[in-house]
1. Kindly indicate which of B:Glu80, B:Glu35, B:Glu31 is in contact (Cβ under 8 Å) with a residue 40 or more places away in the chain and of a type in the set (Asp, Glu).
2. Of all residues being among the hydrophobic types (A, V, I, L, M, F, W, C) and assigned to a loop (DSSP other than H, G, I, E, B) in region B:44-73, which is nearest to B:Glu31 (Cα to Cα)? Just the residue, please.
3. Looking at (1) in contact with a strand residue (DSSP E or B) (Cβ under 8 Å, 6 or more places away or on another chain); (2) more than 14 Å from chain B (Cβ to nearest Cβ); (3) open to solvent by 60 Å² or more (accessible area, probe 1.4 Å), which one does A:Asp66 not meet, given that it meets all the others?
4. Do we have B:Ile201 as of a type in the set (A, V, I, L, M, F, W, C), open to solvent by 90 Å² or more (accessible area, probe 1.4 Å) and within 11 Å of another protein chain (Cβ to nearest Cβ) here?
5. Return only the number of the condition from (1) at pLDDT below 80; (2) in a helix (DSSP H, G or I) that B:Gly99 does not satisfy.
6. Quick test for you: out of A:Leu89, A:Leu43, pick the one residue that is under 15 Å from the mean Cα position of the chain (by Cα), open to solvent by less than 60 Å² (accessible area, probe 1.4 Å) and either within 26 Å of A:Ile155 (Cβ to Cβ) or without any contact (Cβ under 8 Å) to a residue 24 or more places away in the chain (or both).
7. Using the structure shown, decide if B:Ala218 is open to solvent by less than 50 Å² (accessible area, probe 1.4 Å), in a helix (DSSP H, G or I) and away from every other protein chain (no Cβ under 11 Å).
8. Do you know which residues across region A:1-40 are assigned to a helix (DSSP H, G or I), open to solvent by 40 Å² or more (accessible area, probe 1.4 Å) and farther than 15 Å from A:Ser100 by Cα?
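The values are calculated or read from the model by the stated rules, or taken from the named source; none is laboratory data. A quick note: this is a predicted structure, and the numbers were derived from the prediction, not measured. Positions of Cβ are backbone-derived with ideal geometry, glycine not excepted, and every protein chain shown enters the neighbour counts. Just the protein is used for accessible areas: all its heavy atoms, side chains included, with ligands, DNA and RNA removed. Shrake-Rupley method; radii C 1.70, N 1.55, O 1.52, S 1.80 Å.
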Amino acid sequence: MADSPIVGYADALFSVAEAEGNLSAVEDELFGFAQTFQANEELRSTLADASVPVARRLQLIEDLLDGKASATTASLISMVVSAGRANDLPAIVDAFVDRSAGSRNKAVATVRSAIDLTGEQRQRLTEAIKTSTGKEVEVKVVIDPSVLGGAITEIGDDIIDGSVRRRLNQLRESFR
Amino acid sequence: MVASLVSLMSIVAFAGPASASGESVGSCVAEKFEESLHHHGESDHVTSDDIHHVAHDEAVQDELEACLEAPSPILPELTEIIWGGAAFLILLVIMVKKGFPAVKGAMDARSEKIRADLDAAEQAKTDAQTVQSDYEAQLADAKTESARIIEEARVTADQLRTDLSAQAEASIAEMREKAAADVEAQKAQAIADLRAEVSGIALGAAERVVQSSLDADAQARLIDAYIDEVTGSNG
């Protein structure tokens, strides 16, 4: 899934974040930015466009993250974009998150939901996943309105789909 | 040829004696009378008495009467028989020696020629019959061959007709089946399309209803339910 340059970048990001001592915050911020990046077509095409001067792209990142993320996060994203790897950013962030969670002997559970989960819900879901799969996980929530309701959890290759979207799809299948 | 020449010569040679025996009645009477006169008179001078005497002599009258007797119509004179028999014998010998063999040879040659001609004709006839029979055999062969060819052509035509007919029927059946299958497929497709359309409309409506009914509380409840589901899934 992740080829060697992506893993290399993820390792580099992890090393920097760890050295800066704010791994957890950087991890959350990078994850959030990656979600925004994937969801926003304009942002994605601008940052990946080689014809746009690097300085301007970096300025755009700085404007976006100003006051919302740490300087470390902004620097790391700028580094990836200026290296011309903007298109690989989601994969690099995924690898980074896996690497980070792995450093704490945990797996990453990506939860897609129409609304954000409360702290209490996250805690319960973490426990539930541990009970269900036997894995220590860190829950990362991705807001995805297409889920409609409920949630979809991805842990590695395992998927636990309890979304309203799935129910509707099942209903659609039953009509055929 | 030779035989005829010999017979002619013999006739000329023996003409004299033959004619002596054939004298007339008058000369016979004269001769007999003169002879009787000589015997009576003994001299050269003949008197009327002599004549009278002789004329009344019965012996002389018998001789003269003999002259008046007609010659035998059946039995010829002896000399004539002798001459005729001799000539006949000579002629017979010549004929037997020369004539018959020649005639026989000619006859044989002619017979042989006729036989050869007959044989040739027979041979020609046989040849002609052979040729005729050959021709007849060839004709019969030709007739048989032509009949065979016609029969063959007929069989081929029949076969061809049968094949074409079968092919046509098969094609028609195939086309009919295909048409029926097409109709079925189109019907099924139409039904499926219609069902998809209807279900799409219904699901779109359902989705909008769900979206509008999912407020924050409902979302939270769904999340809670999901967490419970995960907990219970393998627990």
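1. Numbers: B:Glu35 fails: in contact (Cβ under 8 Å) with a residue 40 or more places away in the chain; B:Glu31 fails: in contact (Cβ under 8 Å) with a residue 40 or more places away in the chain.
So the residue among B:Glu80, B:Glu35, B:Glu31 that is in contact (Cβ under 8 Å) with a residue 40 or more places away in the chain and of a type in the set (Asp, Glu) is B:Glu80.
2. Out of the qualifying residues, it is B:Val46.
3. (1)
4. Details: of a type in the set (A, V, I, L, M, F, W, C): yes; open to solvent by 90 Å² or more (accessible area, probe 1.4 Å): yes; within 11 Å of another protein chain (Cβ to nearest Cβ): yes.
Criteria met by B:Ile201.
5. Exception for B:Gly99: condition (1).
6. Details: A:Leu43 fails: under 15 Å from the mean Cα position of the chain (by Cα).
Only one candidate passes the filter, namely A:Leu89.
7. Numbers: open to solvent by less than 50 Å² (accessible area, probe 1.4 Å): yes; in a helix (DSSP H, G or I): yes; away from every other protein chain (no Cβ under 11 Å): no.
So B:Ala218 fails the test.
8. Of everything in region A:1-40, those that are assigned to a helix (DSSP H, G or I), open to solvent by 40 Å² or more (accessible area, probe 1.4 Å) and farther than 15 Å from A:Ser100 by Cα turn out to be A:Ser4, A:Pro5, A:Gln35, A:Thr36, A:Gln38, A:Ala39.
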